[in-house]
1. Provide a single number: the residues in the stretch 57-91 that are at positive phi and surrounded by 12 or more Cβ atoms within 10 Å (Cβ to Cβ).
2. Does the stretch 22-41 hold any residues that are part of a helix (DSSP H, G or I) and surrounded by fewer than 16 Cβ atoms within 10 Å (Cβ to Cβ), and which are they?
3. Determine if the stretch 42-56 includes at least one residue that is surrounded by 14 or more Cβ atoms within 10 Å (Cβ to Cβ) and either modelled with pLDDT under 90 or not in a helix (DSSP H, G or I) (or both).
4. Taking residue 65 as meeting all but one of (1) touching a helix residue (DSSP H, G or I) at 6+ places or on another chain (Cβ under 6 Å); (2) free of Cβ contacts under 8 Å to residues at least 24 places away in the same chain, write down the number of the exception.
5. Exactly one condition in (1) at pLDDT 95 or above; (2) in contact with a helix residue (DSSP H, G or I) (Cβ under 8 Å, 6 or more places away or on another chain) is not met by residue 11; state its number.
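The values are calculated or read from the model by the stated rules, or taken from the named source; none is laboratory data. Please read all numbers here as calculations on a predicted model, not as lab measurements. Cβ atoms come from the backbone with ideal geometry, glycine included; neighbour counts cover every protein chain shown.
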């Protein structure tokens with residue numbers, strides 16, 4: 001096992017788990033009728049949107065903790081842009 005794989009083992013595990021849960025929710029959304037199907041579909045879409053953002057936040061934290069301020073600030077700026085866009089979309093709908 002490589003050093004990089006050991007370093008990111010928890011992130012790899014979390015992304016694999018998220019992928020499986022998203023697939024199960026999407027499958028349930030496809031197969032279930034009515035409110036249950038719509039709820040499962042919304043969960044799947046929410047996970048597809050949230051997973052990369054959580055990964056960027058996780059990396060920003062790690063980079064900040066390790067002293068790599070440049071990467072941490074770029075990750076923070078990306079999260080700020082996404083958060084601002086979300087707020088504007090919610091306030092103007």
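1. The number of residues fulfilling the criteria is 0.
2. 23, 24, 27, 30, 31, 34, 35, 36, 37, 38, 39
3. No, there is no match, as no residue in the stretch 42-56 is surrounded by 14 or more Cβ atoms within 10 Å (Cβ to Cβ) and either modelled with pLDDT under 90 or not in a helix (DSSP H, G or I) (or both).
4. With respect to (1) touching a helix residue (DSSP H, G or I) at 6+ places or on another chain (Cβ under 6 Å); (2) free of Cβ contacts under 8 Å to residues at least 24 places away in the same chain, residue 65 is out only on (1).
5. With (1) at pLDDT 95 or above; (2) in contact with a helix residue (DSSP H, G or I) (Cβ under 8 Å, 6 or more places away or on another chain) applied to residue 11, the lone miss is (1).
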